[in-house]
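The values are calculated or read from the model by the stated rules, or taken from the named source; none is laboratory data. Everything numeric here is computed off the predicted structure, so don't read it as measured data. With ideal geometry, Cβ positions are generated from the backbone for all residues, glycine too; neighbour counts draw on all protein chains shown. With ligands, DNA and RNA removed, areas are computed over all heavy atoms of the protein, side chains included. Shrake-Rupley method; radii C 1.70, N 1.55, O 1.52, S 1.80 Å.
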Amino acid sequence: MEAVPARVRAYVTCVALAALLSALPLPGIRTPWWAVTPWWAVVLLAALYAACEHVVRRRLGGTFYPVLLAAAFLLPPPAAALVPLPGALLSRAEQRPQALRRTWRAAELALAVWGAGRVHWALGGRDAVVDSDFPYALLPCGAAVLAFCAVLALLDGGILAVAERVPVRRAWRGLLSRSLAPVGVHGLAGLMMAVLWRSPYGPVAALLVLLPMCVSWWVFAQYHRERAAHQATIRALVQAVDIKDGYTRGHSERVGQASVMIARELGMDDDRVEVLRFAGILHDVGKLGVPTRLLRKNGPLTPEERRIIELHPEYGHEMVRGISFLGEARAAILHHHERIDGSGYPYGLVGTQIPESARVVAVADAFDAMTSTRSYSRARPVAVAVAELRRCAGRHFDAGVVDALTRALARHGWDPAVTADVHPSDPADASDPSVSGPPGGDRESVGRGAL
């Protein structure tokens, strides 16, 4: 087992010490918080959180925050910070060192709950909960959720920067924004628990809030499990293609990445962007149905061999036709070799007859083919590849899609990858324009590695 770096232990120790300091009395309060804290409520909430943590983390996956946020709304901040400790310290740690990981989890949750409680307390949230003062109660609740997310993002980004030496800005990027929506839902459930807790119905009624939350969390967990299964299916298919056609290894993932860049530039919603990513990754899956000897053949293909390779979009479409979550990605797999002027295959579609997803993948496919070094061609500079795409826009490629890729590259850049070593003895050398293939980088006319 690799020893934990000293800098990581020091960081965790500092966070744990900060969590201990959160037990200091609140400024401006004469009576110590421990004298006014309903300890039975602390014990009940701590036990409830430990039980929820056990069920959610082991059975459903993820973390369950409503009880912690309810504690922040009900208890003095230092007392609320005690609620996550038993559940975090007794939880199962998947990796070693387990004690350090449990300490880290307990300390960061204690600080996050304490921060949320302080903000809620400062904005008068406690009185709003007691008086059921709506809609004002939503204001301190929202501020507390924001503080909770901010503390977790700050600490998680810090541990990532310290442990993995990730640049600080990159370590923190997106942590806060990604957590706000799900934790906001948990915050509303926590507020409902707190209001019912203070109502004449008491804590028993508050506990009923957890039932629909657990059901919704189970549905959410099932969705993520299904999504993980989808990803595993796609990875298996792509790995099979890469093993069969080693000359284009990594090409599928990069086409997926470029397709996402184009889709976002075209203003597609997140669901369609995800579908386009699948389409780019799986666009060449039909090569599994093409004889390996043709994919790896040195020298030109015969007309019959070329016709066999040109069947790979139809093979791919047949292979994925029963996978419902791919949606319009299936059309992209079938038509990504169609051309705007009708000279493509398999059906010779013209212009907008070609599905938009296929037009996006076609440009992404051609761009990566031109900017990647392979055993039969050397990479072109990005600017040269873009100029070639522009030259062929309106004939081979959709001009609007080419423009979208150009804007995306100007904004985000591109890191061309080497997918195979260049062998000077190969008969197909990029320096010979007669074998460099069509503008899209397809080499079906010259042999190995049809894209």
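Some points to look at:
- Model label sites at ALA51 and SER343, defined 7 Å from Cα along the beta-carbon direction, differ in position by 7.2 nm.
- Cα lying deepest toward the dipole's positive end in the chain, options ALA379, GLY174, PHE367, charges on Cβ: GLY174
- Cα radius of gyration and Dmax for segment 58-204 (Å): 15.9, 52
- For VAL12, net neighbour charge (Lys/Arg +1, Asp/Glu -1) across residues whose Cβ lies under 13 Å away: +3
- When only the Cβ of Lys, Arg, Asp and Glu is charged (+1, +1, -1, -1), the dipole of the chain relative to its Cα centre reaches about 1300 debye.
- The chain shape via C-alpha gyration tensor axes, a/c threshold 1.5: prolate
- Local electrostatic count at ASP415 - Lys and Arg +1, Asp and Glu -1, tallied over other residues with Cβ under 12 Å: 0
- For segment 192-258, alpha-carbon Rg over 2.2 N^0.38 Å: 2.13
- Enclosing the Cα atoms of segment 95-162 in their convex hull gives a volume equal to 87 cubic angstrom per residue.
- FRET E, pair TYR201, THR302, Förster distance 56 Å, beta-carbon r, rounded to 0.05: 0.10
- Kirkwood-based Rg to Rh ratio, segment 32-124, C-alpha trace: 0.99
- Charge-dipole axis of segment 212-306 as Lys and Arg at +1 and Asp and Glu at -1 on Cβ define it, positive-most pick from PRO291, GLY280, ALA221: PRO291
- Annotation: peptides 136-144, 5-13, ranked by per-residue average of other Cβ atoms within 10 Å with the highest first, follow the order 136-144, 5-13.
- In terms of the mean number of neighbouring beta-carbon atoms within 10 Å, the peptides 304-315, 71-82 order highest first as 71-82, 304-315.
- Three-way shape label, segment 230-285, alpha-carbon gyration tensor, a/c 1.5: oblate
- For segment 293-416, Kirkwood radius (reciprocal of mean inverse C-alpha pair distance, Å): 15.7
- J(HN,Hα) series, segment 44-49, from Karplus relation 6.51 cos²θ - 1.76 cosθ + 1.60, nearest Hz, glycine and proline x: 5, 5, 5, 5, 5, 5
- Where the chain is the region considered: accessible area per residue in Å², 1.4 Å probe: 47
- For PHE397, the residues whose amide H sits under 5 Å from its own are ILE340, ignoring neighbours fewer than 5 places away on the same chain, with H placed 1.01 Å from N.
- Here the simple spin-label model places points 7 Å from the Cα toward Cβ, and for ALA122 and ARG395 these points are separated by 6.5 nm.
- Positive-end residue of LEU196, GLY400, LEU48, charge dipole of the chain with Cβ unit charges: LEU48
- The modelled label-to-label distance for the pair ARG293/GLU164, using points 7 Å beyond Cα in the direction of Cβ, is 4.6 nm.
- FRET E, pair ILE243, ARG96, Förster distance 41 Å, beta-carbon r, rounded to 0.05: 0.75
- Net charge dipole size for segment 222-283 [Lys, Arg +1 and Asp, Glu -1 on Cβ; Debye, nearest 20]: 200
- With every protein chain in place, segment 166-226: carbon and sulfur % of accessible area (1.4 Å): 73
- Solvent-accessible area, 1.4 Å probe, carbon plus sulfur percent, for segment 290-401: 54
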